[in-house]
Amino acid sequence: MMNCELLATCSALGYLEGDIYHKEPDCLESVKDLIRYLKYEDETRDVRQQLGAAQILQGDLLPILTQHRQDKPLLDAVIRLMVNLTQPALLCFGKVPQDPNFRHHFLQVLSHLQAYKEAFANEKTFGVLSETLYELLQLGWEERQEEDNLLIERILLLVRNILHVPADHDQEKNVDDEASVHDRLLWAMHLSGLDDLMLFLASSMAEQQWSLHVLEIVSLMFRNQNPEQLAMTGLARSAREQGADVAELEILRQRETAEKKSRALQRSSRHSRFGGSYVIQGLKSIGDRDVVFHKSLHNFQTYSSDMGKDTRYVPRRRQLAQESSLQRRSALNVRLFLRDFCSEFLENCYNRLMGLVKDHLLREKAQQHDETYYLWALAFFMTFNRASNFRPGLVSETLSVRTFHFIEQNLTNYYEMMLTDRKEAVSWGRRMHLALKAYQELLATVNKMDTSADEAVRESSRIIKNNVFYIMEYRELFLTLFRKFDETRQPLSYLRDLVETTHLFLKMLERFCRSRGNLMVQNKRRRRKKKKKTHTQSTASAGNVPQLPEDPEAMWPALAEQLKLCAQNSKLTLDSVVPFDAASEVPVEEQRTEAMVRIQDSLVAGQAPEALTLLRSAREVWPEGDIFGSPDFSLEEEVELLRQIFSAPLPRQQEPEEHDGEEEEGEEEEEEEEGLQAVQVLEKEFIFLDYLKRFASSAVVKAYVLLLQNYQKNSPHTNHCVVKMLHRLAHDLKMEALLFQISLFCLFNRLFNDPASGAYKELVTFARYVLAKFFELTEVNHKAFVELLFWKNTAVVREMTEGYGSLDAESSSRKPPKWNPEEEKQLQELYLAHKDIEGEDVIDAILARLNTTTRSRKQVIHHLVQLGLADSIKDFQRQRKGINLVLWTEDQELELQRLFEEFQDSDDVLGHIMKNITAKRSRARIVEKLLSLGLVADRRELHKKRRRKPGTPNLLDGNDPLKDPDQEDPEEEEDDQLLGEDSEEDEEDPEAETIQGTSVHIPHSLREILQEEDFSAPILWLQSSLIRIADDREEDGCSQPVALVPLTEENEDAMENQDFQKLLRKLGIRPPASEQESFWRVPAKLSPALLRRAAASLSQTGPEPQSTDHPEQGFSKEKEAPAPVCPVAAKKRKIDLESADGEAGKEPSSSGPQKEQILDSDGEEEKNEKKNKDLIDSDPDSPEPPRIHKRRRFLIEDEDD
């Protein structure tokens, strides 16, 4: 019953006499009063329900709108009231109410909205709205007032609200090709010309502010429409479509015939009392007797133990999700109008409007969830374009890798929100379905571009696919969606689209891999990283590490005065600063180094009292070795020790590169022991079968079987996609046992008994294949019947096929053998004998003396802890790099100076010093100290010198009278160390390994071409790069493809030369594989030894150096190489000298032709060095022969380059 005040207000609007509406004098005020009543309605929306029941909109507001549009204030107020009355019920109530009373009010409001929609299906109503909107759009921006913009927005909102009203399927019950209320509404819009105004708003540059409103109206116009059917409207049907319809009719006819036969068999000629009773042998009833069947035999085929029982109740939370919307075919005239609208929209509006909308979304100018309209428009119009007249240029705005990224981000966000916001999980699932449809259409459009006749279109498709397949997130997307599929929140239509999209992606990826041969893709690996402790002191706070001063000596006097005053006038409390954390996982020795760094940081920051306090606290924690001074130190000695710490180059921990600034700020507030996930981005070669193995899981198979259970309702394409994926798993991966499940076998049984099974030939063939494999397995494994009851993973599949216990046998083979009593006794004796020996690692000593050689260091440590001989495995941690970097004392400096003076004339100065020095330090630290003391001026003075072996024959004539066999060659260096590096390796100096095998064979013709084109500098750069890559791979222990980046113009020209590229291919270097790669790459499969062989082979590839006549030379035709490339160049020059000498003295050579030599052994290196020495001795003014300074084996230093 209507409220009296509300009734009086409605009566004051006016009255309808015939077709003419007479308004009252207070009509405008009454409309405003109704707006005021709606503003203050209660939560049950009583005012809205009363106005709807009184049909105010149909009887008063619409006649006022159509007949009194000249009254501008009244027209504005009426449109404002109608926008309020027609707003969606979900906006009024927030969500669908669960309470029965509120749900009743919700349904009442919804029924009134459906009545409003039917009343608006009138050409006159939309004519008035179109004319009003047209007049407003005719005004320029300087003439348009704020009220005009508000009226435009209200008209668009009114159209949006009317189109948004859902259809009442129970009341309409329309079939395809019949005009529904929504169709009549669209036709009224078309006749009034409102659709043309929508196209104008979408294409006009001056009306950009209405882009989201227009896109929302367009999406509601095409509600429940199929874009592929819409594109084919008015066209002759193809033979394929007609054949599909015939096949569908044939399936229905076969099923109908089978049902008639079954009904005929059920009709018995006798009375039911003569049906008889039967005993089903082998099927027990509740007791021990067989089941007695009281029906006729033709009903036995449908017998089940569940017959006569009540249907099992399924809780609401376990019920399958309902389909959100159903597609239907509108009337022909409406479909023709919509088809033309789509064509014009694509031609003139799509690219511009989608760009504007995406810009609003990225800049957060839109409302919440407005991106769903963008995703719908992308999927709908790209499908229409692909199905009608495929022109990629019409959808170029959304045909890019950025669109893939945008959709993938939204898809992932919807998926995460569906898991967290469980109350709105169904809504998030629908949005997720929209994003999946958009992703599917993007893939389908890119796939369609491959068949285009335009080469530019095909090239664009290849570039997009290359980028999409390269990114890891795009490949892992489908695996994640399958594993987290929930049938209670996501309908079967979502699963159907997911299966079809996965099928399309795999088909495109497989075809792309076959065409490319090898495909490099991005791979991300997560590594656990330990967080460094965040100190509360300002000196060690993250991001505020003091910088060391350039002149520490100038700053020290002020600090020394502070230290003396602090020590004399104040009492330092050691409890205020703690340099050691016993609960930390950082080893004690590393905390000692960190404490010294903190002392240095305090001094640099000018906080002398804190530095002195830290020094004394650390002295109490680490008293051994007097690293932080002796307890008996005086104040002057402490100040001197702090001065040494202040000026010492202490090692500092570097933060991992993977952590950006935001992560570091968040980490400061976390626990110290918490491990961080650092993502390492790598490149690897993509193997399609390895990627396919990721789908071999029970979650994926469950989803496919669930969709296959509706094979009768699925389209033929959907069934093909399901069978194709199951066939990939069973046949390509040889995992047929993954499909051995009772629910799937029941589905196969239902398929075989289906009268229309002839229409599913592919599915029937696959079912027979799986069953045949199962029965083959049962002959070997009789437990396979029991395995049918469970879903299986790959490990169970392997056990079923290879035998139970095969995995346990492998795991047991990896387990360490048990300790017998004799071994335990020996372990205990060795531990007690060596645990107190200083300077010796007790575990290494035990491993060296154990009778068995199969024990590892970790096994020994764990067993010592189990025996109770040690408290924790942390007691046996190795000393890590950088923890022994203590300061040099005065005695140690004097000892180093004495040892240098003693061994400075020996072949290996540094080696003798390291063997005899008391405090063991690394090679780099000793070299730095020698340089700082001024004992040596250059690192090269410390290089190891090798003595010439006596009696080494010459390569050409067997001897060299000009060469002293005992003369030292200072240009041979240590092979296993580069003294210039700040390394922390063992003190031993292992001998360099010898490269085995031969070098890469380079044809003689290619050598001549390279010599003619003068590629000496690029070959030298290539040789140096290969050696550095080999060294890096040895140090890191892993191999990754490395790009060869030319930094000079000469090297760039060489990399573009075809002859030089032939040389690169001979060496095994791979050219750029795709548009993503710009440089040649050294493959990961090339080992360090192979790289060094290739570098050695390049030594013979360099051209003979050009020279100028030297007037001082004894030989007039002698030539000098200004920049020799390698020892082989010097060797060639030596041969020229000897050949010239041989012609003068008519002295024949005794050796004959020599084979090509490579530097793969010490002997050959010595031969080349001998040649170089001959040149020096023969001509003292000639430049010295080239040097090859080696790092481990071969390394050409930058200064020699």
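The values are calculated or read from the model by the stated rules, or taken from the named source; none is laboratory data. No experiment lies behind these values; they were computed from the predicted model shown. Methodologically, a virtual Cβ is constructed for each residue, glycine included, from the backbone with ideal geometry; neighbour enumeration extends over all protein chains shown. Only protein heavy atoms, including side chains, enter the accessible area calculation; ligands, DNA and RNA are left aside. Shrake-Rupley method; radii C 1.70, N 1.55, O 1.52, S 1.80 Å.
Here are the numbers:
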| quantity | calculated |
| --- | --- |
| Lys, Arg +1 and Asp, Glu -1 on Cβ, resulting dipole of the stretch 680-817 about Cα centre, debye, nearest 20 | 320 debye |
| Förster radius 30 Å - calculated FRET efficiency between Tyr769 and Ser305 (Cβ-Cβ, nearest 0.05) | 0.45 |
| P(r) of the stretch 151-264 over all Cα-Cα pairs, binned every 10 Å from zero, in whole percent | 10, 29, 25, 19, 10, 5, 2, 0 |
| Where labels lie 7 Å past Cα in the beta-carbon direction, separation of Ala179 and Leu191 in nm | 0.7 nm |
| Percent carbon-and-sulfur accessible area, the stretch 1007-1051, ignoring ligands, DNA and RNA, probe 1.4 Å | 46 percent |
| Using a Förster distance of 51 Å, the FRET efficiency for Glu620-Glu683 (Cβ separation, nearest 0.05) | 0.50 |
| Whole-percent carbon and sulfur share, accessible surface of the stretch 58-103, 1.4 Å | 53 percent |
| Contact order relative to length of the stretch 7-99, as percent, for alpha carbon pairs under 8 angstrom and 6 or more apart | 28 percent |
| Per residue solvent-accessible surface (Å²) - the stretch 409-494, probe of 1.4 Å | 41 Å² |
| Cα-projected label distance for Leu1047 with Val780, points at 7 Å along beta-carbon direction, nm | 5.9 nm |
| Loop-located GluC sites (Glu not before Pro) in the stretch 61-150 whose Cβ has at most 12 other Cβ within 10 Å (DSSP) | Glu142, Glu143 |
| Residue-span extension gain [Val292 to Gln644] - 0.36 nm each, minus C-alpha spacing | 116.6 nm |
| Charge dipole magnitude, Cβ of K and R +1, D and E -1 - the stretch 406-475, Cα centre, debye nearest 20 | 260 debye |
| Net lengthening on full extension, Asp1036/Glu824 (0.36 nm per residue, minus Cα-Cα) | 72.6 nm |
| Label point distance in nm, His405-Thr854, each placed 7 Å from Cα along Cα→Cβ | 5.5 nm |
| Sites Lys874 and Leu362, calculated FRET efficiency, Cβ-Cβ separation with R0 51 Å, nearest 0.05 | 0.50 |
| The stretch 120-204: chymotrypsin sites (Phe, Trp or Tyr not before Pro) in DSSP coil with no more than 11 other Cβ atoms inside 10 Å | Trp141 |
| Residues in the stretch 180-200 that a label on Arg144 would reach, taking backbone N under 18 Å of a point 7 Å out along Cα→Cβ | 194-200 |
| Listed peptides 485-497, 773-785 by packing density, highest first (mean Cβ within 10 Å) | 485-497, 773-785 |
| Amide N of the stretch 185-213 lying under 13 Å from the label point, which is placed 7 angstrom from the Cα of Leu326 along Cα→Cβ | none |
| Of the chymotrypsin sites (Phe, Trp or Tyr not before Pro) in the stretch 1-107, those whose Cβ has at most 16 other Cβ within 10 Å and which sit in DSSP loop | Tyr40 |
| Computed lengthening from Ser634 to Gln208, 0.36 nm per intervening residue step minus Cα-Cα distance | 145.3 nm |
| Cα-based Rg / Dmax (Å) for the stretch 64-129 | 14.8, 46 |
